[in-house]
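A.B. asks: Quick one: structure below, then a few questions.
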Amino acid sequence: MNPDLKKNYKANILVVDDTPANLRLLVGMLTENGYKVRPVMDGELALTGAKAIPPDLILLDINMPKMNGYEVCEKLKENELTREIPVIFISALDDVLDKVKAFQVGGVDYVTKPFQVEEVLMRVETHLAIRQLEKNLITKNQDLEMTVQQLQNTQEQLIQSEKMAALGQLVAGIAHEINTPLGAIRSSVENIADFLKENLLQFPDFFNSLMPEYQQYFWEILHRSSEQKNSLSSKEKRQLKKSLIKELEAKEISNADTIADTLVDLGIYDRISSLVPLFQDEKGSQILEKAYQIASIQKSTDTIRTATEKAAKVVFALKNYARYDHTGEKVRSQIPEGIDTVLTLYNNQLKHGIEVTKDYEPNLPSLLCYPDELNQVWTNLIHNAIQAMDYKGHLAINITHQGDSLLVSITDSGKGIPPDIMPRIFEPFFTTKPPGEGSGLGLDIVQKIIQKHDGKIFAESVPGKTTFNVNLPLNPNS
Amino acid sequence: MSKAAILCVDDEVVVLNSLKIQLKREFGDAYVYEVAESADEALEIIDELQSEETDILVIVSDWLMPGIKGDEFLIRVHEKYPKIIKVMLTGQADETAIQRAKEKAALHNCLYKPWSSQELIATIKSGLEGL
Ligand SMILES: Nc1ncnc2c1ncn2[C@@H]1O[C@H](COP(=O)(O)OP(=O)(O)OP(=O)(O)O)[C@@H](O)[C@H]1O
Ligand SMILES: [Mg+2]
């Protein structure tokens, strides 16, 4: 904003001339034309006046006693406050005007006496206009610099918030990943406690009351149940249960469905002919039931073990993911660890339908890096791959040591990147995903982080096979 | 007429095992218990049971599963079988999903993992009483 616009004069001009007649003439002419004019008679006064209230333009006589115009101009240019003020020299026609000198000392123009009113006004106006443009440019430049700074800050924030968004998406999965094993643990503990409360005291009596042949069955069931190791899917179990029901019904055993269900839960799926006499016996159900209860204790402890390991694994991965480096300095870190961390956190989205193969070259060297930022890279790439495959397919992760860098390749069997959009995928906000599913920042951020590590990233894609290659130098420049 | 069924759906086998132990302990052989590892499999089982003329009384379903999510699954079931009592069991509360299931699937209750056997049984019993 130009403050002069608010004033009732066009501009503030300092006129320096030792000849009173000239001074009067100039002042009159300029004032008439709407300028505010300050007349001074010598160089010293001109310098103090210019410093005290910097004018918009100076008209400066060359030929003056004590200090001539060139000297005054040089002094003006030396001072921070007055350096930018345009100086127009005034010279008499009979003076030997040294034009070169006038420009060398920093003058922008000159006028000659006797004055041509029109000419003086034109030149004054022109230089004021140029000065104004210059000023505008400077403010524009400052604005631009500020904008760039702001953009950089925003970008930093975006990187941060993208990290948060990625984390946010993960958190939903992770809460589930932790609460699920906790649920299994809790119910298993309850189950064991209930069993102990109900059975501990009666059990020896029950067992002793059994005839030896029943004891035999009892042990056989428990033995076969504990032998059973392979885990079948619920679908397979249902099929087995059906055929067991048929088999039992063929032997005219009542409540065949309950017995079959219990047998399947016990992990006894076939070779039941030795047990058939038991089920035909009226005591059979009771013995099977007791065996089932004991076996379920076994099952519950197994559940607790698996579930605990699982929850611990997720917590460990979470701790790794958020390994925050407060110093802002690089840390030695193993790339496979970071990738495995991300894979663990994505387990929930990977375990059904996506086959993950990992091929890590043995004895890979560690890398001086920002581990949490690289985790973001793996998160984005793996997330993109999962989305491209629509949660079904094959994800291959290879890490090799090549010369003085590490090469990480992440390949998915998804729909691929069409050649026409390939050049755009690293652009910020470029996305082909519906709103909510993608912001288009993922790969932009990935690229920034990799550049920070002096690395490179490039993609190759055909339908059914898309690979993102990340090359990280072991000895980065910075 | 064959026994009525209770169906549990969760992508985690440990959860299915636990649910089944809890249900069996409480209800013994009063019902048949079926389990499914995904909504798709559950829909298959429902059709199968229907063709065998086995009634399904209760469905306990996880929310966050790969493929069809719990709310969507229960809504689909509700369209065909409005009488089945539907219970959601979730490790992560997505309020909008629960709200949706309440409105569109007449969700009977939502339990949060880790759940207790007591809550589970109480929820199922209160559902069955309403029948
Ligand atoms: N593995 C891949 N297979 C197919 N297309 C991909 C793959 N990775 C990226 N793309 C394409 O590149 C685009 C840009 O990816 P980018 O990660 O930058 O953003 P986004 O995944 O759309 O959104 P965001 O990462 O912010 O959630 C994607 O929208 C997609 O079209
Ligand atoms: Mg992405």
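The values are calculated or read from the model by the stated rules, or taken from the named source; none is laboratory data. No experiment lies behind these values; they were computed from the predicted model shown. Backbone-built Cβ (ideal geometry, glycine too); neighbour counts: all protein chains shown. These accessible areas exclude ligands, DNA and RNA; they are computed on the full protein's heavy atoms, side chains included. Shrake-Rupley method; radii C 1.70, N 1.55, O 1.52, S 1.80 Å.
A.B. asks: Summing -39500 (n - 2.57) over the DSSP H runs of n ≥ 4 in chain A and dividing by its residue number, what mean residue ellipticity at 222 nm do you reach, to the nearest 500 deg cm²/dmol? All intermediate terms of the calculation are to be shown ahead of the outcome.
C.D. replies: Numbers: 15 runs with 262 residues, N = 478.
Value at 222 nm, helices only: -18500 deg cm²/dmol.
A.B. asks: Could you state how much accessible area is buried at the A-B interface, both sides summed, with a 1.4 Å probe, in Å² to the nearest 100? Spell out each step's value before the answer.
C.D. replies: Numbers: alone 26820 and 6860 Å², together 30560 Å².
Counting both chains, the buried surface is close to 3100 Å².
A.B. asks: I need the shape label for region A:363-478. Rule: rounded when a/c is under 1.5, else prolate if a/b > b/c, else oblate, with a, b, c from the alpha carbon gyration tensor. Don't skip to the answer; put the middle values down first.
C.D. replies: Working: a/c = 1.96, a/b = 1.50, b/c = 1.30.
Prolate.
A.B. asks: Per the Kirkwood definition applied to all pairs of different Cα atoms, how many angstroms is the hydrodynamic radius of the protein assembly as shown? Let's see the in-between values first.
C.D. replies: On the way: mean 1/r = 0.0315 Å⁻¹.
In the protein assembly as shown this quantity evaluates to 31.7 Å.
A.B. asks: Calculate the mean, over all residues of peptide A:260-267, of how many other protein chain Cβ atoms lie within 10 angstrom of the residue's Cβ.
C.D. replies: 2
A.B. asks: Where a ≥ b ≥ c are the square roots of the eigenvalues of the C-alpha gyration tensor, would you call region B:5-129 rounded, which needs a/c under 1.5, or, failing that, prolate if a/b is larger than b/c, or oblate?
C.D. replies: On the way: a/c = 1.31, a/b = 1.08, b/c = 1.21.
It is rounded, given that a/c, with a ≥ b ≥ c, falls under 1.5.
A.B. asks: Considering the options A:Y110, A:N22, A:L345, tell which one lies farthest towards the positive end of the dipole of the protein assembly as shown, charges being +1 on Lys and Arg and -1 on Asp and Glu at the Cβ, about the Cα centre.
C.D. replies: A:N22
A.B. asks: What is the spin-label model distance, in nm, from A:A92 to A:L137 if the labels are put 7 Å beyond Cα along the C-beta direction?
C.D. replies: 3.7 nm
A.B. asks: HN-Hα J couplings of region B:24-32 from phi, Karplus 6.51/-1.76/1.60, θ = phi - 60°, integer Hz, Gly and Pro as x?
C.D. replies: Running phi through 6.51 cos²θ - 1.76 cosθ + 1.60 with θ = phi - 60° gives 5, 4, 7, 9, x, 9, 5, 10, 9 Hz.
A.B. asks: Sequence neighbours fewer than 8 away in the same chain don't count; with that in mind, list the lysines whose C-alpha is under 25 Å from A:K448.
C.D. replies: A:K163, A:K319, A:K330, A:K433, A:K456, A:K465
A.B. asks: Next up: Would you work out if region A:190-301 is rounded, prolate or oblate? Take a ≥ b ≥ c from the square roots of the eigenvalues of the alpha-carbon gyration tensor; rounded if a/c is under 1.5, else prolate when a/b is larger than b/c, oblate otherwise. Don't skip to the answer; put the middle values down first.
C.D. replies: Working: a/c = 1.96, a/b = 1.22, b/c = 1.61.
In terms of gyration-tensor shape, oblate.
A.B. asks: Something else: Averaged across the residues of B:7-20, what count of C-beta atoms belonging to other chains lies within 10 Å of each residue's C-beta? Kindly include the intermediate steps, with their values, before the conclusion.
C.D. replies: Details: counts 0, 1, 1, 4, 5, 11, 7, 15, 7, 3, 11, 13, 3, 4.
Taking the mean over all residues of the peptide, I get 6.
A.B. asks: Now a separate question. For A:E427 and A:Q150, FRET efficiency with R0 = 22 Å and r from the beta-carbon atoms, rounded to 0.05?
C.D. replies: Working: r = 20 Å, r/R0 = 0.92.
Rounded to the nearest 0.05, the efficiency is 0.60.
A.B. asks: With the other protein chains left in place, how much accessible area per residue, in square angstrom, belongs to the protein assembly as shown at a 1.4 angstrom probe? Don't skip to the end; give the middle numbers.
C.D. replies: Values: 30560 Å² over 609 residues.
Each residue of the protein assembly as shown exposes 50 Å² on average to a 1.4 Å probe.
A.B. asks: For the ranges A:417-425, A:175-183, what's the packing order if you count other beta-carbon atoms within 10 Å of each residue, average per peptide, and put the highest first?
C.D. replies: A:175-183, A:417-425
A.B. asks: Using a Förster distance of 56 angstrom, determine the FRET efficiency expected from the C-beta separation of A:T306 and A:N68, and round it to 0.05.
C.D. replies: Values: r = 97 Å, r/R0 = 1.73.
Calculated transfer efficiency: 0.05.
A.B. asks: Considering only DSSP beta bridges where both residues belong to chain A, give the percentage that are antiparallel (nearest 5). Each step should come with its number before you reach the end.
C.D. replies: Numbers: 26 of 51 bridges.
Taking every DSSP beta bridge within chain A, about 50 percent pair in antiparallel fashion.
A.B. asks: Evaluate E = 1/(1 + (r/R0)^6) for A:S231 and B:A4, where r is the Cβ-Cβ distance and R0 equals 25 Å; express this FRET efficiency to the nearest 0.05. Walk me through the numbers before you get to the answer.
C.D. replies: Values: r = 28 Å, r/R0 = 1.12.
Once rounded, the FRET efficiency stands at 0.35.
A.B. asks: For B:K24, go through the aspartates and glutamates and keep the ones whose alpha-carbon is under 14 Å away, minus same-chain ones fewer than eight residues off.
C.D. replies: A:E190, A:D194, A:D257, A:D261, A:D265, A:E289, B:E34
A.B. asks: Apply the Karplus curve 6.51 cos²θ - 1.76 cosθ + 1.60, θ = phi - 60°, to the phi angles in region A:29-43 and return the couplings in whole Hz, x for Gly and Pro.
C.D. replies: In residue order, the calculated couplings are 5, 6, 4, 4, 9, x, 9, 9, 10, 10, x, 9, 9, 8, x Hz.
A.B. asks: Sticking with this structure for a sec: Summing -39500 (n - 2.57) over the DSSP H runs of n ≥ 4 in chain B and dividing by its residue number, what mean residue ellipticity at 222 nm do you reach, to the nearest 500 deg cm²/dmol? Intermediate results must be reported in sequence, preceding the final value.
C.D. replies: Numbers: 5 runs with 63 residues, N = 131.
Using -39500 (n - 2.57) per qualifying helix, the result is -15000 deg cm²/dmol.
A.B. asks: Give me the number: length gained by fully extending A:Q116 to A:K283, i.e. 0.36 nm times residue separation minus the C-alpha to C-alpha distance, one decimal in nm. Intermediate results must be reported in sequence, preceding the final value.
C.D. replies: On the way: separation 167, 0.36 × 167 = 60.12 nm, distance 13.14 nm.
Contour length minus the Cα-Cα distance gives 47.0 nm.
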